[in-house]
Amino acid sequence: CMCVPLKKSQRYAHRKRGRSDSNASFLRAARAGNLDKVVEYLKSGIDINTCNQNGLNALHLAAKEGHVGLVQELLERGSAVDSATKKGNTALHIASLAGQAEVVKVLVKEGANINAQSQNGFTPLYMAAQENHIEVVKYLLENGANQSTATEDGFTPLAVALQQGHNQAVAILLENDTKGKVRLPALHIAARKDDTKSAALLLQNDHNADVQSKSGFTPLHIAAHYGNVNVATLLLNRGAAVDFTARNGITPLHVASKRGNTNMVKLLLDRGGQIDAKTRDGLTPLHCAARSGHDQVVELLLERGAPLLARTKNGLSPLHMAAQGDHVECVKHLLQHKAPVDDVTLDYLTALHVAAHCGHYRVTKLLLDKRANPNARALNGFTPLHIACKKNRIKVMELLVKYGASIQAITEVEKCFIS
C-alpha cells in the first residue's frame, strides 16, 4: 500500500493531539506516584508545570495523593512550589486539605508560602482545621501559620473547626492563640451552638464578651436569636452588655422577643435588659413580639411593665402590629392590659383599619366585640369599611356592616369631587 503524506495543518493537529495525550499521561503518572514514568516524560521534554483543565499540575496531583518522593523529585527538577490552580490553591493547600502531613513538611521546607490564600481566602491552616487534620494543624502553627487570617466570609481556622465540631483542632488553635486575635466569629459560633465549653475557653484569655460581627451583633445577640440560655448566661456572667445595641439599635431583648423565646426574654429582663429600648425605627421588644405573634412573650413583657402605648416612627402601637399579623391571642392580651382599642397612628389609622386592610376576619371581629369604632376615620377620611371595600375583603365588609359601619360615610376625597 502507498503512504500518503499529511498536509501541514493535519501534521500540526496530529502533533498537538499527540502532545495533549502525552501531557494527560504525564499527569496520570504523577497522580499514581509513578516516579520512573514521570522522570521519563520529563526527559522527553514535557513541561514540568503543565496542568489539566482545572489548573492542577503534577506537583498538585502528587501532593494530594501523598507521594513524598515524587514531590521532592518534582521540586528538585524545578516545579514551582507556589504554582496555583484556577481556584488559587497551591500544593500546600491541597496537601493540607488531604491531610498529607509528610508532603506538607517537604513543601514548607522547600519554601512554600505557609499563609498563601486561595480565591476565597482559604489558607492551608484553614483547610487542615476544616478537615480536622491535627498533625498538619500543629506543624503549620509551629512553622508560622497565621491563624487570624480570615476567609472572604470572615471565618478563621478556629471558627471553622468550632463549626465542624472538631474539638481537638479547636483546643490546639486556642493553645496557640497567645494574642487572642481570633475570637471572631468563633465566639458567635459557640453562641449559636450553645457550646458553653468552647465559649468559656474562648473567653479565658480575652475578656471581651462583646466582640462584634461585621453587622455589629455580639455573641449575646446570637444566643438570643437561637434561644441558647446556657451560653447567654455564661456571656452575661462574663460581662456581656445586656443592652448592647447592634446596627439599627437592635438589642438582644429585641431579638429574643422577635424569636419568641420566653426563657431567653425572662433571663435578659432579670439581668436588667431595657424593656422599652427602641430600634432605629422605634420598635420596642413588645412591638417585636406582637408583630411575630408570640403571645407568651407579649404576656411576659406586659406583666413586666412594657409600654403599651409605645409608637414606632410611623406611629404604630403594639396593638396595630398584632392586628396586622392576625395574631388574635396577642390582641387579646394587649386589650386585657388596657390597650386603647381605638388608638391611632400618625395617619389616624386604628387597629380596625389595619385588620380590615389585611382582611383579617378574626381580629376584626375581636376588635368590634371589644367596642372598636367601626366608623373611625383616618386622616384621608377613610373608615375601615372603605378600606375593606377598596381591598375587596368581602367577609370583613359584611362583618363591619353587621356591627354598624355606615355605608353612607363619605371620604375626604369624595368631598373634593362633590364640592
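Listing for the model above:
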read-out	value
Neighbours by Cβ (under 7 Å, 6+ apart or cross-chain): first from region 241-259, surrounded by 20 or more Cβ atoms within 10 Å (Cβ to Cβ); second β-branched (V, I, T)	I250/T279; T251/T245; P252/V242; L253/V265; H254/T279; A256/V265; S257/V265; S257/V297
Residue in region 171-185 that is closer than 23 Å to A240 by Cβ, among the small types (G, A, S), crowded, with 23+ Cβ neighbours inside 10 Å and modelled with pLDDT under 95 present	no
Selection within region 109-150 - of a type in the set (V, I, T), touching a helix residue (DSSP H, G or I) at 6+ places or on another chain (Cβ under 7 Å) and either modelled with pLDDT under 95 or in a helix (DSSP H, G or I) (or both)	I134, V136, V137
In region 23-49, residue surrounded by the most Cβ atoms within 10 Å (Cβ to Cβ) [restricted to those that are within 17 Å of G78 (Cα to Cα) and hydroxyl-bearing (S, T, Y)]	Y41
Top-ranked residue in region 325-342 [being of a type in the set (D, E, K, R) and either surrounded by fewer than 17 Cβ atoms within 10 Å (Cβ to Cβ) or touching a strand residue (DSSP E or B) at 6+ places or on another chain (Cβ under 9 Å) (or both); ranked as farthest from Q296 (Cα to Cα)]	D342
Cβ pairs under 6 Å, 6+ apart, first in region 61-81 and among the small types (G, A, S) and at pLDDT 95 or above, second in a loop (DSSP other than H, G, I, E, B) and buried (at least 24 other Cβ atoms within 10 Å of the Cβ)	G66/Q100
Condition met for E76 (assigned by TED's automatic domain parsing to the domain that holds V39, surrounded by fewer than 17 Cβ atoms within 10 Å (Cβ to Cβ), more than 32 Å from the chain's Cα centre (by Cα) and over 12 Å from P157 (Cα atoms))	yes
Condition check for S257: within 21 Å of the chain's Cα centre (by Cα), among the polar types (S, T, N, Q) and modelled with pLDDT of 95 or more	yes
Residues that are touching a His at 6+ places or on another chain (Cβ under 8 Å) and assigned to a loop (DSSP other than H, G, I, E, B), drawn from region 362-382	A376, A378, F382
Scan of region 186-221 for residues that are part of a loop (DSSP other than H, G, I, E, B) and either among the aliphatic types (A, V, I, L, M) or at pLDDT 80 or above (or both), ordered by number	D194, D195, N208, A209, D210, V211, Q212, G216, F217, T218
Odd one out for R280, checked against (1) of a type outside the set (A, V, I, L, M, F, W, C); (2) surrounded by fewer than 18 Cβ atoms within 10 Å (Cβ to Cβ); (3) over 23 Å from K214 (Cβ atoms)	(3)
Check on I407, in a loop (DSSP other than H, G, I, E, B) and not small (G, A, S)	yes
Residue match in region 340-356 (condition: free of Cβ contacts under 8 Å to residues at least 12 places away in the same chain and either assigned to a helix (DSSP H, G or I) or touching a Ser or Thr at 6+ places or on another chain (Cβ under 9 Å) (or both))	no
Residue satisfying condition, being in contact with a helix residue (DSSP H, G or I) (Cβ under 7 Å, 6 or more places away or on another chain), surrounded by fewer than 18 Cβ atoms within 10 Å (Cβ to Cβ) and of a type in the set (S, T, N, Q), within set N263, N314	N263
Extreme residue, nearest to K109 (Cα to Cα), among residues of region 27-65 that are of a type in the set (G, A, S) and touching a helix residue (DSSP H, G or I) at 6+ places or on another chain (Cβ under 6 Å)	A63
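The values are calculated or read from the model by the stated rules, or taken from the named source; none is laboratory data. Source: prediction; values computed, not measured. Here Cβ is always computed from backbone atoms with ideal geometry, including for glycine, and neighbour counts include all displayed protein chains.
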